[in-house]
Amino acid sequence: MEKLVIIPTYNEKDNIQRIIDAVFALQQDFHVLIVDDGSPDGTGNIVKELQTKYAGQLFLEERSGKLGLGTAYIHGFKWALARNYGYITEMDADFSHNPADLVRLHHACAAEGADVSVGSRYVKGGNTENWPWDRAVLSYGASIYVRLITWIPVKDATAGFVCYKRRVLEKIQLDKIQFVGYAFQIEMKFTAWKLGFKIKEVPITFIDRKEGYSKMSKGIVKEGILGVLKIQWQSLFGK
């Protein structure tokens, strides 16, 4: 049980079987944990049916209600640590993250000295596809904003395609992670960096979802803007 992929879901019935099949088609010994927030569209039921096909490799944690992306990942991290996984990767269910890139993210941690590897849109070789101009501007602007405020040496601090070595998640006090939306990804990377772990960015092409709908909202964006200021303030004053 070395490698686990955590995929949080809410109403992903159009994508969930395809993304699970794609991960296992890699034949790289990844296990998959789906953390489903009570999807009313039956996402969880599809996963349960697939567990017969992928017995001992596909797992499902069901939560009651939409509790937020960050809490889904924290739930998954704790589940992974309790079962002694060595490398834990988070990714989206909608194919904006290419499952084939899981291999490169794992390799960066397992063989290239990284403690955290980030699938990055904004390093050389990284790219985005099919994004509306306003989202592209928002995302790239956010990456610059985060670096200016926090000084973190990561060009894509908001990225959600990330591999962690076990020891990183063991060292981070997961119950003290504050944010659940846009700022969650920033807070996790910032905390890992402050704890002295090495972060490596791996170029990926991020493709906008084709099925389902985006979970982005004004509230998530607001959390990101204000959350970055709070993260740096607390860091500077000893919290």
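The values are calculated or read from the model by the stated rules, or taken from the named source; none is laboratory data. Predicted model only: the values in this text are computed from it and were never measured. Note: areas computed on protein heavy atoms with side chains; ligands, DNA, RNA excluded. Shrake-Rupley method; radii C 1.70, N 1.55, O 1.52, S 1.80 Å.
Restricting the calculation to Cα atoms, segment 1-103 yields a radius of gyration followed by a Dmax of 12.3, 33 Å. Solvent-accessible surface of the chain, taken per residue with a 1.4 Å probe and all protein chains present: 47 Å². Axis angle, to the nearest 10 degrees, between helix 16-25 and the longest C-alpha principal axis of the chain: 90 degrees.
Measuring with a 1.4 angstrom probe and ignoring ligands and nucleic acids, TRP79 comes out at about 30 Å² accessible. Could you give the angle, 0 to 90 degrees to the nearest 10, between helix 218-236's Cα long axis and the longest principal axis of the Cα atoms of the chain? The answer is roughly 50 degrees. Surface composition of segment 96-209: carbon and sulfur make up 55 percent of the accessible area, probe 1.4 Å. In the chain the Cα-Cα distances spread across 5 Å bins starting at 0 as 1, 6, 15, 19, 22, 18, 12, 5, 1, 0, 0 percent of all pairs.
In the chain, the longest principal axis of the Cα atoms and the axis of helix 69-82 are about 70 degrees apart. Legend: distances between Cα atoms for LYS78/LYS194; LYS78/LYS124; LYS53/LYS78; LYS171/LYS194; LYS176/LYS230; pairs beyond 23 Å are LYS78/LYS124; LYS53/LYS78. For segment 44-171, the convex hull spanned by the alpha carbon atoms encloses 160 Å³ per residue.
Over the chain, dividing the summed -39,500 (n - 2.57) contributions of all DSSP H runs of at least 4 residues by the number of residues returns a 222 nm mean residue ellipticity of -13500 deg cm²/dmol. Estimated at the nearest 10 Å², the accessible area of PHE77 is 0 Å² with a 1.4 Å probe.
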